[in-house]
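The values are calculated or read from the model by the stated rules, or taken from the named source; none is laboratory data. Because the structure is a prediction, the values reported are computed rather than measured. Because the Cβ atoms are built from the backbone with ideal geometry, glycine has one as well, and the counts that use them run over all protein chains shown.
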């Protein structure tokens, strides 16, 4: 396995760390379905900071902008509504756990999940609770001696499992259904008005991907290594597709990236280091792209016959032909990519784990601008090697085989203000969260 990704190589063999490493919520989450803001003027450069809103925890979820507010979850257990003009808090709801799920909105309803095991639906304007639903429990992926790290008998959380499944509403405004996955291995469909269970489908793995609705089906990935297509109304299995196994490294398997559908195909990345294009009706493989050992953990963006996605370990933003999978170009960032790309005019925006937000021209594949968090400016010289994430450099000679080393290195990386959150663009302003605890609003020119 040639993972130059901190995670993979790092914990398996100390000699394997030459670059550093790994995702996406997204939560992807990398794990949220974004729509392009069709602004005719396009992008020329980043403008100034409009405002930033400070929470008391890391932000891994992605913002949702509606009703004149930006909604964002934080590891401080809160879901915030922030006025987009002033950057001031309008309301917040406190839960019993980290809010690493991005919110979904349908009319006046806003739904999101928390690590306390509940999915909440609120009045989007007031923050008043409408209903909440208890799952079988939310947790991170983990195992004893994860990736052969020491001590082998100690249980270890996957330090790169950032997201919970972000919910998705059906388009019906009067009687919507809301879909989301859970760490209990189930994909849930609830009545959006009441929170009453319609159906649940059980898989054999944790589900931290977000579902995608397309032509009467709901698509999602599970940690059991399968991509599923279910009938959205009944929850019955239509087909499932098996991704690659990695013998001996079961916790490295699984689907962490959320799927997206377009023109009869479903596209998604996987921890097996492939990006897949399947027939959305049959699940038959059309093509797969080899990411050379890197996880692919972000949700793709699609425009004009091209698919855009990012890789974690190799730090690449990649464009491929949607029908053939042939690479058109790639652009290398400075660190792991967990932030799903968002398109605006002819530009793709995404963040990396070193605290940079990139603007890349999707016609040329060239960088057209960047924004740095304050933490990146302050700590890059100390934490990064030649401005690039390198695990061995950050570890500073400490034993790479120890889980404690991984935790300590991650704490150093967090000082940079990593951008795991996927950006949202509306009316010439780009919004995104950072692990420094801030929600940023940056003007675009």
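Annotations for the structure displayed:
- Evaluated against (1) modelled with pLDDT of 95 or more; (2) surrounded by 22 or more Cβ atoms within 10 Å (Cβ to Cβ), residue 437 falls short on exactly one condition, (2).
- Yes/no for residue 403 being within 27 Å of residue 431 (Cβ to Cβ), modelled with pLDDT of 95 or more and buried (at least 19 other Cβ atoms within 10 Å of the Cβ): no
Residue by residue, here is whether (1) under 22 Å from residue 183 (Cβ atoms); (2) in contact with a strand residue (DSSP E or B) (Cβ under 6 Å, 6 or more places away or on another chain); (3) modelled with pLDDT under 95; (4) outside any strand (DSSP E or B) holds:
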{"site": "47", "(1), (2), (3), (4)": "no, yes, yes, no"}
{"site": "65", "(1), (2), (3), (4)": "no, yes, no, no"}
{"site": "70", "(1), (2), (3), (4)": "no, yes, no, no"}
{"site": "81", "(1), (2), (3), (4)": "no, yes, no, no"}
{"site": "86", "(1), (2), (3), (4)": "no, no, no, yes"}
{"site": "97", "(1), (2), (3), (4)": "yes, no, no, yes"}
{"site": "105", "(1), (2), (3), (4)": "no, yes, no, no"}
{"site": "111", "(1), (2), (3), (4)": "yes, yes, no, no"}
{"site": "121", "(1), (2), (3), (4)": "yes, yes, no, no"}
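- Filter result for the condition that a residue is over 26 Å from residue 240 (Cβ atoms) and surrounded by fewer than 24 Cβ atoms within 10 Å (Cβ to Cβ), over 314, 347, 354: 347
- Candidates 143, 189, 172 - the one that is under 20 Å from residue 219 (Cα atoms) and modelled with pLDDT under 95: 172
- Test: residue in region 19-38 that is modelled with pLDDT of 95 or more and in contact with a helix residue (DSSP H, G or I) (Cβ under 8 Å, 6 or more places away or on another chain): no
- Residue list for region 415-437, restricted to those being over 17 Å from the mean Cα position of the chain (by Cα) and under 15 Å from residue 355 (Cα atoms): 415, 416
- Residue in region 290-303 that is more than 17 Å from the chain's Cα centre (by Cα), modelled with pLDDT of 95 or more and buried (at least 21 other Cβ atoms within 10 Å of the Cβ) present: yes
- Scan of region 168-196 for residues that are in contact with a strand residue (DSSP E or B) (Cβ under 7 Å, 6 or more places away or on another chain), within 19 Å of residue 226 (Cα to Cα) and assigned to a loop (DSSP other than H, G, I, E, B), ordered by number: 182, 185
- Applying the set (1) touching a strand residue (DSSP E or B) at 6+ places or on another chain (Cβ under 6 Å); (2) surrounded by fewer than 19 Cβ atoms within 10 Å (Cβ to Cβ) to residue 374 leaves exactly one unmet item: (1).
- Among the candidates 127, 136, the residue that is closer than 25 Å to residue 423 by Cβ, at pLDDT 95 or above and part of a loop (DSSP other than H, G, I, E, B) is uniquely 127.
- A search for C-beta distances below 7 Å between a residue of region 56-77 that is on the phi > 0 side of the Ramachandran plot and buried (at least 20 other Cβ atoms within 10 Å of the Cβ) and any residue that is assigned to a loop (DSSP other than H, G, I, E, B) and modelled with pLDDT of 95 or more, counting only pairs 6+ apart in sequence or on different chains, returns 77/95; 77/96; 77/97; 77/98; 77/99.
- Failed item in (1) crowded, with 17+ Cβ neighbours inside 10 Å; (2) part of a strand (DSSP E or B); (3) more than 17 Å from the chain's Cα centre (by Cα), with residue 328 passing the rest: (1)
- Test: residue 335 is buried (at least 17 other Cβ atoms within 10 Å of the Cβ), modelled with pLDDT of 95 or more, outside any strand (DSSP E or B) and touching a strand residue (DSSP E or B) at 6+ places or on another chain (Cβ under 9 Å): yes
- Test: residue in region 133-140 that is closer than 24 Å to residue 407 by Cα and touching a strand residue (DSSP E or B) at 6+ places or on another chain (Cβ under 8 Å): yes
- Residue in region 206-214 that is surrounded by fewer than 21 Cβ atoms within 10 Å (Cβ to Cβ), modelled with pLDDT of 95 or more, in contact with a strand residue (DSSP E or B) (Cβ under 9 Å, 6 or more places away or on another chain) and under 25 Å from residue 131 (Cβ atoms) present: yes
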